[in-house]
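Have a look at the structure below, then the notes.
The values are calculated or read from the model by the stated rules, or taken from the named source; none is laboratory data. This is a predicted model, so every value here is computed, not measured. With ideal geometry, Cβ positions are generated from the backbone for all residues, glycine too; neighbour counts draw on all protein chains shown. Just the protein is used for accessible areas: all its heavy atoms, side chains included, with ligands, DNA and RNA removed. Shrake-Rupley method; radii C 1.70, N 1.55, O 1.52, S 1.80 Å.
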Protein chains: 4
Amino acid sequence: MAGYTATKQDHLRRLRRAEGQVRGLQRMVDEDKYCIDILTQVSAATSALQSFAIALLEEHMAHCVADATAKGGAEAEAKLKEASDAIARLIRS
Amino acid sequence: MAGYTATKQDHLRRLRRAEGQVRGLQRMVDEDKYCIDILTQVSAATSALQSFAIALLEEHMAHCVADATAKGGAEAEAKLKEASDAIARLIRS
Amino acid sequence: MAGYTATKQDHLRRLRRAEGQVRGLQRMVDEDKYCIDILTQVSAATSALQSFAIALLEEHMAHCVADATAKGGAEAEAKLKEASDAIARLIRS
Amino acid sequence: MAGYTATKQDHLRRLRRAEGQVRGLQRMVDEDKYCIDILTQVSAATSALQSFAIALLEEHMAHCVADATAKGGAEAEAKLKEASDAIARLIRS
């Protein structure tokens with residue numbers, strides 16, 4: 001069982017909101033809305049995706065990473081490296 | 001006419017791809033996929049939205065901003081400030 | 001003359017502040033300060049650099065880009081592309 | 001002892017490089033260098049600070065967070081929340 005099952009509904013609600021924002025962007029482009037207003041909506045959609053990522057990451061560290069580090073050894077190190085790489089991708093994207 | 005009409009189809013195609021990625025995220029959460037794989041997909045969706053924003057911004061500067069600065073005066077300044085604020089929001093989000 | 005000369009002192013002041021923050025980070029590492037406090041200071045230094053970049057970019061668009069687009073043609077396009085690429089690097093870094 | 005002591009020299013070396021880049025930025029502004037070249041250097045300095053933050057965060061999770069989650073309870077939760085908040089600040093800055 002993945003660590004995020006418990007709050008799955010929260011995650012899905014956030015993602016549906018992000019999907020709605022991306023569909024809103026298509027409507028804005030289609031209706032020739034003003035560029036600056038569209039760019040503001042892009043920032044909102046990006047922030048929504050980041051909030052989802054941060055919530056998921058927190059859960060992942062509380063479950064998968066905590067379990068692995070409790071056991072220690074090579075698997076703990078691999079899990080930490082993997083989480084750290086995912087964080088690096090988010091910081092740089 | 002907004003400056004981005006000419007390449008509207010390009011913009012819509014990028015946004016539909018981002019929408020597909022956000023829907024893919026919902027499926028991954030629903031199927032309890034591994035957190036790290038989901039986070040990788042979040043980075044991809046965020047990058048797609050950023051690529052759209054950068055393409056739109058380039059067009060906006062080439063049309064609206066260039067038109068305004070050609071006329072000069074207070075409106076040119078206002079347009080530049082507005083574009084700069086939108087860029088700041090994207091850099092910080 | 002580069003477009004940013006007029007507000008050079010402002011830029012230098014911002015950068016000296018960022019330099020002070022990066023030196024503060026070295027002191028914190030040297031004194032084994034708590035990791036989380038160091039990471040908070042990294043966010044502050046990064047924000048200071050971004051503020052400088054945004055101010056410089058605004059000036060660049062108001063001078064170099066506006067001058068080039070007033071003349072039009074291939075050089076205007078090249079200047080816009082160049083500014084847009086620099087913005088893309090800042091959004092993605 | 002903070003978790004990052006072991007690789008302190010690595011961290012200090014990265015930070016001295018970032019400091020050199022920020023001083024380089026002051027020189028570029030002072031010598032009226034071309035804005036776009038300055039912006040490229042800002043991206044480099046920001047990336048150097050992010051690399052430092054990611055390395056420090058990885059160490060923090062491997063030591064402080066792993067120790068706390070091994071003990072469990074309220075302190076483990078607090079440590080995870082604290083790390084997650086620091087990550088969120090880095091992702092959003």
For the range C:38-56, what are the residues that are surrounded by 24 or more Cβ atoms within 10 Å (Cβ to Cβ) and touching a Lys or Arg at 6+ places or on another chain (Cβ under 6 Å)?
C:Phe52
May I ask you to say which residue of D:Arg27, D:Arg89, D:Arg13, D:Arg17 is open to solvent by 30 Å² or more (accessible area, probe 1.4 Å), within 30 Å of A:Ser47 (Cβ to Cβ), of a type in the set (Lys, Arg) and without any contact (Cβ under 8 Å) to a residue 60 or more places away in the chain?
D:Arg89
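Need a quick list: helices (runs of 4 or more DSSP H) entirely within chain B having at least 2 residues that are within 7 Å of another protein chain (Cβ to nearest Cβ) and under 30 Å from A:Leu12 (Cα atoms).
Of the helices (runs of 4 or more DSSP H) lying wholly inside chain B, those with at least 2 residues that are within 7 Å of another protein chain (Cβ to nearest Cβ) and under 30 Å from A:Leu12 (Cα atoms) span B:8-30, B:35-60, B:73-92.
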